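Only one structure is covered here, and it is reproduced in the block below.
The values are calculated or read from the model by the stated rules, or taken from the named source; none is laboratory data. Note that the structure is a prediction, hence the values are computed from the model and not measured. Because the Cβ atoms are built from the backbone with ideal geometry, glycine has one as well, and the counts that use them run over all protein chains shown.
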Amino acid sequence: MIDRGHGLFVTLEGADGGGKTTQLRRLATRLRAAGADVLETVEPGGTPIGRKIREILLDKSNAEMDRHTELLLYFAARAQNVHEWILPHLARGGVVLCDRFTDSTLAYQGGGRGFGEETVLALHRIACGTLQPDVTVYLDIDAETGLNRARTGRGNLDRMDAQSLEFHRSVRAAYLRLAEAEPERIVTIDASPGANEVELAVWAAVAPRWERTLVR
Ligand SMILES: Nc1ncnc2c1ncn2[C@@H]1O[C@H](COP(=O)(O)OP(=O)(O)OP(=O)(O)O)[C@@H](O)[C@H]1O
Ligand SMILES: [Mg+2]
């Protein structure tokens, strides 16, 4: 595996419509203004191969997709993102902002789909080796508010959004458990206020870590 280098690996996590994509863009702008070399990426997707895998995952006509297939496709997209984009950028000392990462799989497939943590972490070791985010911003939102925002923002729901409210509640519970288990890495931010207020909280969580990379 490529040396992970001195870069900073930041992931944004949370339920659908919590504001991950909005906050990732704002964070990228702030980091670039501070002089960082920022790579923005998203899962599933990011790389060209990842985008093709994303289409399969989010296509509503794939209603018969088996949960094992789904799990492996998420990790297939992730492996490509890690090896083609994330590790090389970190090795150059850059900052990587990733919209969803393995915590999403732990919450949705580990929690929501019932695979459990061990199975997901075993696949993480195959796809990503020892790579872990330096900091994970978890945007916490209740399932109803998140789905309403996602619906307003995109005008429709994809295959994952269209799951039951109960599924989305179990996903949130799984995120809260993860955040409780790893308070050093995962910063929980209340995503219910307006985007400007959330942006300040995200910056307060990430800026000190970015400054620390400068003296490494
Ligand atoms: N703090 C906020 N308050 C109100 N609306 C917001 C806030 N943040 C984002 N939005 C709006 O909510 C919608 C969803 O936001 P965004 O796409 O950033 O969320 P997301 O977490 O990336 O969602 P998804 O999981 O669906 O990709 C967008 O229309 C966005 O403009
Ligand atoms: Mg998004």
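For this structure, a couple of remarks:
- Tally of residues being within 16 Å of ligand 2 (Cβ to nearest atom) and modelled with pLDDT of 95 or more across region 1-43: 19
- Residues considered: 105, 130. Of these, the only one that is surrounded by 20 or more Cβ atoms within 10 Å (Cβ to Cβ) and among the hydroxyl-bearing types (Ser, Thr, Tyr) is 105.
- In region 77-89, the count of residues that are part of a loop (DSSP other than H, G, I, E, B), more than 16 Å from ligand 2 (Cβ to nearest atom) and not basic (Lys, Arg) is zero.
- In region 83-104, the residues that are within 22 Å of residue 214 (Cβ to Cβ) reach residues that are within 16 Å of ligand 2 (Cβ to nearest atom) and of a type in the set (Gly, Ala, Ser) with C-beta atoms within less than 7 angstrom, at least six apart or across chains, in these pairs: 97/28.
- Among the residues listed as 38, 10, the single one being among the aliphatic types (A, V, I, L, M) and more than 16 Å from ligand 1 (Cβ to nearest atom): 38
- Restricting attention to region 47-76, the residues that are within 12 Å of residue 123 (Cβ to Cβ) and touching a Ser or Thr at 6+ places or on another chain (Cβ under 9 Å) total 3.
- Test for residue 131: is it within 25 Å of residue 93 (Cβ to Cβ), touching a residue at least 40 places away in the same chain (Cβ under 8 Å) and not in a helix (DSSP H, G or I): yes
- Hey, residue 63 within 16 Å of ligand 2 (Cβ to nearest atom), of a type in the set (A, V, I, L, M) and either assigned to a helix (DSSP H, G or I) or surrounded by fewer than 19 Cβ atoms within 10 Å (Cβ to Cβ) (or both) or not: no
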